[in-house]
Amino acid sequence: MLNTPGEVRDFYRKTYAEHGPSPRGMAWGDTKTHYKRVMRIHHLLVSLDVPMNRILDVGCGVGLVHNLWGLAYKERTYHGVDLVPEFIEEARAGISKDPKAIVVCEDFMDWVNIDPFSVALGIGTFAWQTSDAVRSMLYKMWGMVGASGALAVTLIPDNPLPMNEVRRLKGTLDAKEMLLYNGYSDRLDEHIVILVKKDAETLAAEAMRLEEMKDATYDVIREQYEHAHS
Ligand SMILES: C[S@@+](CC[C@H](N)C(=O)[O-])C[C@H]1O[C@@H](n2cnc3c(N)ncnc32)[C@H](O)[C@@H]1O
């Protein structure tokens, strides 16, 4: 179990020192399966009609998403955040010719960005972390996803979040759609979880309804107060 950002950083520094800038260096089993995983997430997002113009990669590692999704050749911005300086140095070299891409070495929980993203990724980011840390990251990522955008993460069943909590995420986060996809060639137990946000019109209508409800509640409280003091 990796209990703190410092422990996460040290763990991946060791895997990097042993295996270099490769999927194994980021603690994945093998390169071929990892490339499939990253491409599968892309296909799933496209098939769900998620806009792909602003991509946030939380725990970006060496920036494979930028490379495998061919982002340098597309009109898409890419923001990567990772705790490990060696990964970020490698990722920086990979994106150096793309003016629409940026990577930073920081704990995602301390990272600030105000513009919403169309996609927030967490590919392997939660591995071996505590359930509280994972929940905090998930909720922060969801908050950074704009209308009609999506959150896409990988999770091992019941580790660290119980599967019933994962299945309830659509309701907890009030998502429009949720896809729980399981199975790849050699990691049959790993899930890809995609949550799609409601569109802007629906979100605005819901916010307005909430405001009206609040106003109505204030009216009732005010009437009760005036009645009690008259
Ligand atoms: C298994 S690696 C996956 C790397 C990359 N997403 C990939 O699949 O190629 C998980 C990465 O998440 C990063 N990570 C975990 N928690 C983080 C946090 N709170 N802030 C930034 N990076 C984090 C780790 O440093 C590590 O590089």
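The values are calculated or read from the model by the stated rules, or taken from the named source; none is laboratory data. It should be emphasised that the depicted structure is a prediction, and the values quoted were computed from it without experimental measurement. Reconstructed Cβ throughout: ideal geometry from the backbone, glycine too, with neighbour counts over all protein chains shown.
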Filtering region 116-138 for residues that are within 19 Å of H79 (Cα to Cα), within 13 Å of the ligand (Cβ to nearest atom) and not β-branched (V, I, T) leaves a count of 7
Any chance region 74-88 includes a residue that's touching a Gly at 6+ places or on another chain (Cβ under 6 Å), small (G, A, S), in a strand (DSSP E or B) and within 13 Å of the ligand (Cβ to nearest atom)? yes
Within region 168-182, the residues that are farther than 18 Å from R135 by Cα and among the hydroxyl-bearing types (S, T, Y) are Y181
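Please tell me if Y16 is near the ligand (Cβ under 9 Å from one of its atoms) and either crowded, with 16+ Cβ neighbours inside 10 Å or of a type in the set (S, T, Y) (or both). If you could, list the steps in order and put the result at the bottom.
On the way: near the ligand (Cβ under 9 Å from one of its atoms): yes; either crowded, with 16+ Cβ neighbours inside 10 Å or of a type in the set (S, T, Y) (or both): yes.
Spelling it out, Y16 is indeed near the ligand (Cβ under 9 Å from one of its atoms) and either crowded, with 16+ Cβ neighbours inside 10 Å or of a type in the set (S, T, Y) (or both).
One line per residue, one yes/no per condition, for (1) on the phi > 0 side of the Ramachandran plot; (2) touching a strand residue (DSSP E or B) at 6+ places or on another chain (Cβ under 6 Å); (3) among the charged types (D, E, K, R):
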residue: Y78; (1), (2), (3): no, yes, no
residue: P85; (1), (2), (3): no, yes, no
residue: D98; (1), (2), (3): no, no, yes
residue: L138; (1), (2), (3): no, no, no
residue: A147; (1), (2), (3): no, no, no
residue: P162; (1), (2), (3): no, no, no
residue: G171; (1), (2), (3): no, no, no
Test: residue in region 19-33 that is surrounded by fewer than 15 Cβ atoms within 10 Å (Cβ to Cβ), modelled with pLDDT of 95 or more and assigned to a helix (DSSP H, G or I)
yes
Given (1) on the phi < 0 side of the Ramachandran plot; (2) away from the ligand (no atom under 12 Å from the Cβ), D57 misses just (2)
